[in-house]
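The values are calculated or read from the model by the stated rules, or taken from the named source; none is laboratory data. The model shown is predicted, which means the values in this text are computed figures rather than measured ones. Here the Cβ positions follow ideal geometry from the backbone for every residue, glycine too, while neighbour counts run over all protein chains shown.
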Ligand code: FAD
Ligand code: UDP
């Protein structure tokens, strides 16, 4: 007997919404369930005081994939926002990412790329072999001075671990440039969907049945009977009832304030790179879309250890966790009618475009096997 739906999609974040959209276009019957009281997962934005507030942290869309860029632009028009955050440590500010502006701000005798290289090359000499951890990788990229001012304490706050115990890959996300260019990303396409991400995801899910406030695990038996295939975007370990042990996650706490001020910090993102404050970033949301308003909304972002009841924000891709995730992925392969996708179910530090690309590839693989 054929089931009511072709696909039951667990989670309405970017992975679930992309998969649902592709399946619907192919004429499939799709049901999306979402345990929160809203769609869009962590890219959810909410309008307050006329400003689109990024409720789960600042999200800037950037990609090199033309197909992904065309896809998101078919649901929302994007503005030309370029992320150029400022780093603040005590009473000093620096431009990010690490570029000629940063180097010139730091060293009095630095004006040209050759001047910057002279400093950096001198400092990176202390790393003789291939970098084995984040500290060595950071010093070999930009030298010890920048590592100590802009990386070490920020990273310790963010991950609550010593930089020597973290994978080098975390820091290679940031560009290092010998030109005067404060664009935080190297990608060809970048912007913010005008009107907020929620509107974009709403358009992706247009015409698709959605049940909010619905947790897959509360009615698992019922849901498993409902569809030919399940697309699961929740935490990988939770699906298997943690039977091999718990994966570690990093969480965050957000504290927002509405201020009777037009322009509080002059930029959307300020990174606080020292231990003198517990937060890592302050976001001023109106600058993402250049919203005109007498008021402004700012959000302090505090890294936090994950505890039950909190959101799981970042996979911690160290050796122990990667090994455990691989064991869970072996179990996942045996779940013939379940597709695992997205940052929680793949246990990956994924940007938005990678999540969409992964949903494209997954959908194509499933479709061609049919
Ligand atoms: P999610 O958005 O987490 O969606 C999963 C959904 O599944 C959630 O809505 C959840 O409630 C639901 N769910 C889970 N379990 C169940 C269940 N049992 N039943 C029903 N529903 C369930 N990327 C960028 O490209 N640019 C950025 O600037 C950027 N900034 C970021 C800032 C922060 C602070 C963080 C944490 C991430 C950032 N990212 C950024 C990454 C981006 O958030 C993710 O790549 C993307 O949102 C992941 O989408 P997803 O669908 O995999 O997961
Ligand atoms: N980082 C840092 N100083 C900064 C910004 C970033 O040391 O001012 C390091 C930190 O280890 C962080 C990593 O670079 O975890 C990646 O930064 P990104 O801004 O990409 O982090 P995300 O936005 O994903 O939290």
Check your understanding: Taking residue 261, is it over 20 Å from residue 56 (Cα atoms) and at pLDDT below 95?
Key -> no
Check your understanding: Just one of 238, 262 is farther than 27 Å from residue 93 by Cα, away from ligand 2 (no atom under 16 Å from the Cβ) and surrounded by fewer than 20 Cβ atoms within 10 Å (Cβ to Cβ); which is it?
Key -> 238
Practice item. Being surrounded by fewer than 24 Cβ atoms within 10 Å (Cβ to Cβ) and closer than 15 Å to residue 362 by Cβ is the filter here, so list the residues in segment 26-51 that pass it. Key: 26, 28
Check your understanding: Does segment 146-178 hold any residues that are within 16 Å of ligand 1 (Cβ to nearest atom) and part of a loop (DSSP other than H, G, I, E, B), and which are they?
Key -> 160, 174, 175
Study note, to complete from the structure: Residue count, segment 306-334, condition more than 30 Å from residue 132 (Cβ to Cβ), touching a residue at least 40 places away in the same chain (Cβ under 8 Å) and out of contact with any strand residue (DSSP E or B) (no Cβ under 7 Å at 6 or more places or on another chain), comes to 2
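Among the residues of segment 351-370, which ones are in a helix (DSSP H, G or I) and over 25 Å from the mean Cα position of the chain (by Cα)?
Once the filter is applied, which keeps residues that are in a helix (DSSP H, G or I) and over 25 Å from the mean Cα position of the chain (by Cα), segment 351-370 yields 366, 367, 368, 369.
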Review point. Across segment 8-31, what is the total count of residues that are outside any loop (DSSP other than H, G, I, E, B) and either farther than 16 Å from residue 227 by Cα or near ligand 1 (Cβ under 8 Å from one of its atoms) (or both)?
Key: 9
Exercise for review: Restricting attention to segment 218-235, report how many residues are in contact with a helix residue (DSSP H, G or I) (Cβ under 8 Å, 6 or more places away or on another chain) and more than 18 Å from residue 366 (Cβ to Cβ).
Suggested key: 2
Check your understanding: From the residues in segment 60-83 that are surrounded by fewer than 18 Cβ atoms within 10 Å (Cβ to Cβ) and under 21 Å from residue 174 (Cβ atoms), which one is farthest from ligand 2 (Cβ to nearest atom)?
Key -> 65
**Study point:** Exclusive hit being more than 15 Å from ligand 2 (Cβ to nearest atom) and in contact (Cβ under 8 Å) with a residue 40 or more places away in the chain, set 43, 89, 33
**Key:** 33
Exercise for review: Select from segment 184-210 the residues that are in contact with a strand residue (DSSP E or B) (Cβ under 8 Å, 6 or more places away or on another chain), outside any strand (DSSP E or B) and more than 13 Å from ligand 2 (Cβ to nearest atom) and list them in ascending order.
Suggested key: 188, 192, 194, 195, 196, 197, 198, 199, 200, 205, 208
Review point. Can you tell which of 326, 335 is surrounded by fewer than 15 Cβ atoms within 10 Å (Cβ to Cβ) and away from ligand 1 (no atom under 16 Å from the Cβ)?
Key: 326
